[in-house]
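Participant: Quick one: structure below, then a few questions.
The values are calculated or read from the model by the stated rules, or taken from the named source; none is laboratory data. Fair warning: this is a prediction, and the values are worked out from it, not measured in the lab. For neighbour counting, all protein chains shown are included, and Cβ atoms are generated from backbone atoms with ideal geometry for every residue, glycine included. The area values use the complete protein model at the heavy-atom level, side chains included, leaving out ligands, DNA and RNA. Shrake-Rupley method; radii C 1.70, N 1.55, O 1.52, S 1.80 Å.
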Amino acid sequence: LGLVNTTIGEIAGSRGQTLILNLLDQKGNKSHEKIVIRFEKYMVSNELYFMKIRGSKFVNVDGWFNFSADKSDPFLSFHKSREDGSWLKTHETEVVMDNLNPIWKGFQLESRKIDESDHLRPFKIECWDWQKSGKFKFIGEVIITIEDLKKTKPFSIDLKNQKKPKKKLGSLIFEDFAITLKPDFLDYI
């Protein structure tokens, strides 16, 4: 599509830690396309979060008026909160086909992908219905903290959708949650 030349200083010093640059074509001419580069400093942490999540009683967003034999094909998308209040997608689960009570494989995430080891920093999990066309359908979302997940096992929270505030959309159930430390070089010494 094109290329840009910049420096870390230019990115880090940009307003709102966001830099928008015009792409250059192969001949070095300015093109109409742009690239957006967002910068965020993160803390070095060796915490790993293990999660095993399942869904319960998801609303079926597939089919015409939900009379179809097809069921939703849900997957989860994790987003960390940025310092400017925006959300940055950092992880996605696999898709569970035709299932309103999905069970996702357990997985590990580095703390920097969710909360920078600040257990009170909120992160968002969105639930989407996968579509072959690539136009995924939004089911609902939750905003939680690691501190919430540490309280009880299993931890359950209802999905919310601002466009359908009173509708029951289903729940996410955290069957297992654990924090482990990944040793670094100094730990071995």
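Participant: Identify the single condition in (1) at pLDDT below 85; (2) of a type outside the set (A, V, I, L, M); (3) assigned to a strand (DSSP E or B); (4) open to solvent by 60 Å² or more (accessible area, probe 1.4 Å) that PHE65 does not satisfy, given that it satisfies every other one.
Facilitator: Every listed condition holds for PHE65 apart from (3).
Participant: Tell me which residues, restricted to segment 89-106, are surrounded by 15 or more Cβ atoms within 10 Å (Cβ to Cβ) and over 16 Å from LYS57 (Cα atoms).
Facilitator: THR90, HIS91, THR93, VAL95
Participant: Let me ask another. Taking LYS89 as the residue in question, decide whether it is touching a His at 6+ places or on another chain (Cβ under 8 Å) and either modelled with pLDDT under 95 or part of a strand (DSSP E or B) (or both).
Facilitator: For LYS89, the condition - touching a His at 6+ places or on another chain (Cβ under 8 Å) and either modelled with pLDDT under 95 or part of a strand (DSSP E or B) (or both) - is met.
Participant: Same structure, new question: Would you check if there is a residue in segment 114-125 being more than 15 Å from ARG54 (Cβ to Cβ), among the hydrophobic types (A, V, I, L, M, F, W, C), at pLDDT 95 or above and not in a loop (DSSP other than H, G, I, E, B)?
Facilitator: Yes, segment 114-125 contains at least one residue that is more than 15 Å from ARG54 (Cβ to Cβ), among the hydrophobic types (A, V, I, L, M, F, W, C), at pLDDT 95 or above and not in a loop (DSSP other than H, G, I, E, B).
Participant: Applying the selection to segment 139-176, what residues are of a type in the set (A, V, I, L, M), in contact (Cβ under 8 Å) with a residue 40 or more places away in the chain and in a strand (DSSP E or B)?
Facilitator: ILE139, LEU172, ILE173
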